[in-house]
Every structure is written in structure tokens, then in C-alpha cells.
Amino acid sequence: SFPEGAVTREITVAPYATTTYIVEGYSADAQGNKCSGFGEITIDVHPFQPPELGSDREVCAGEEVKFDGGELYISWNWSTGESERYINLVEDQKELILEIEDKQGCVMSDTVSVTFKPLPVVNLGPDITLCKGDPIFLDAGMAEEYLWNTGDTVQNIEIDATGHYSVL
């Protein structure tokens, strides 16, 4: 906003809405009488919708993350070097930046982080044959979470029946 009572030749303003500024310029005549004139300027502020890439994302390796830069703009500049509205990512982007320009020439940006988590290595070993009733332990290896097709959610399970066993 305009600093009321400012007595300088110029000021810097950054209005958020269309605003009219009135300036009084003055001088004094030889008798010390104030001579003044007024100037007025209206600054139109275009409505602006910044891009919205959403929150940071963490997905499994091998997946694809799709981004839409938004339809309200005339240009899209991604930190990946792409300049289309839509992009697909298949690798980490610690700081994916989208800079857009709208029809009024306003430029804005948004940033998001995309992390691809490596898939856990699960090796249950070779197929085996046991005598009926002999139990065996299956070890899914190190992972953050486990979900066996038996419903178990632990790293190791004991089995004692023929069947197909898998872990997600």
C-alpha cells in the first residue's frame, strides 16, 4: 500500500488487487504560497492462479509419476528440461520445479519432491520337499513391511502344509 504522507519522488508498490493511487505534487511561489497539482494512476492486477503440483511423493521403483502443469497457462518450464503441460517421471527429483506463465505474462512456480523407493529383494530360496508334518520357516528378508498370502505380516513364517507361499 502507499505510505500515507510519503514525501519522496518515487515509491515502490506491489498491490494484490486493482488499486488507484493519487499523488499530490507541489511547490511554493515567491510569496511562499503552495501551488499543487494532482496525478492519478490505476494499477490493474490480474487474477492469478499459481500452479499446484501437490505434496511431495514417494512411490515404488518401477512406477511412473504423472504431473499436469495446469490448463490456465501458455507456457510450462520444468526443471527436467521439458516444456510441455504434462510430464512423466521414473526417477528421483529431489526438487522438481515448474515455472509457468499465464496469458497476462505473470510468472509463478511450484516445487515438489519425488522419491522412488527401491523394491525389497525377497529370496525364499529354491523349492523344497519335506516329510508330512515337518515344519519349515520361510524368511522374506529385510523390508519395511510384510504381507504374506497367509495374512501374516512378519518377516518369518512357519509352514507345515504343501502350498504356494508368497510375500508382498
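Glu99 is checked against (1) more than 29 Å from Val167 (Cβ to Cβ); (2) open to solvent by 80 Å² or more (accessible area, probe 1.4 Å); (3) in a loop (DSSP other than H, G, I, E, B) and fails just one. What number does that condition carry?
(3)
Are any of the residues in region 104-127 within 18 Å of Ala61 (Cα to Cα), open to solvent by 80 Å² or more (accessible area, probe 1.4 Å) and touching a residue at least 40 places away in the same chain (Cβ under 8 Å)?
Checking region 104-127: at least one residue is within 18 Å of Ala61 (Cα to Cα), open to solvent by 80 Å² or more (accessible area, probe 1.4 Å) and touching a residue at least 40 places away in the same chain (Cβ under 8 Å).
Looking only at region 19-31, decide whether some residue is without any contact (Cβ under 8 Å) to a residue 40 or more places away in the chain, touching a Lys or Arg at 6+ places or on another chain (Cβ under 8 Å) and of a type in the set (Phe, Trp, Tyr).
yes
Mind checking which residues of region 132-147 are open to solvent by less than 90 Å² (accessible area, probe 1.4 Å), farther than 29 Å from Asp92 by Cβ and either charged (D, E, K, R) or part of a loop (DSSP other than H, G, I, E, B) (or both)?
Residues satisfying the conditions are Gly133, Asp134, Pro135, Asp139.
Find the residue count for region 35-55, including only residues that are of a type outside the set (D, E, K, R), at pLDDT below 90 and part of a loop (DSSP other than H, G, I, E, B).
5
Which ones in region 148-168 are assigned to a loop (DSSP other than H, G, I, E, B) and surrounded by fewer than 14 Cβ atoms within 10 Å (Cβ to Cβ)?
If the condition is that a residue be assigned to a loop (DSSP other than H, G, I, E, B) and surrounded by fewer than 14 Cβ atoms within 10 Å (Cβ to Cβ), then Asn149, Thr150, Gly151, Thr153, Val154, Asp160, Ala161, Thr162, Gly163, His164, Ser166, Leu168 are the ones that fit.
Working only within region 43-60, note down all residues that are open to solvent by 70 Å² or more (accessible area, probe 1.4 Å) and either without any contact (Cβ under 8 Å) to a residue 24 or more places away in the chain or not acidic (Asp, Glu) (or both).
Within region 43-60, His46, Pro47, Gln49, Ser55, Arg57 qualify.
Mind counting the residues in region 60-94 that are under 30 Å from Leu168 (Cα atoms), under 14 Å from the mean Cα position of the chain (by Cα) and either assigned to a strand (DSSP E or B) or among the small types (Gly, Ala, Ser) (or both)?
Adding up the residues that qualify gives 8.
Among the residues of region 31-42, which ones are open to solvent by 60 Å² or more (accessible area, probe 1.4 Å) and within 23 Å of Thr12 (Cα to Cα)?
Ser36, Phe38, Glu40, Ile41, Thr42
The values are calculated or read from the model by the stated rules, or taken from the named source; none is laboratory data. Keep in mind that what you see is a predicted model, and the values were worked out from it rather than measured. Glycine also receives a Cβ, built like all others from the backbone with ideal geometry; neighbour counts cover every protein chain displayed. Surface accessibility is based on the protein's heavy atoms, side chains included, excluding ligands, DNA and RNA. Shrake-Rupley method; radii C 1.70, N 1.55, O 1.52, S 1.80 Å.
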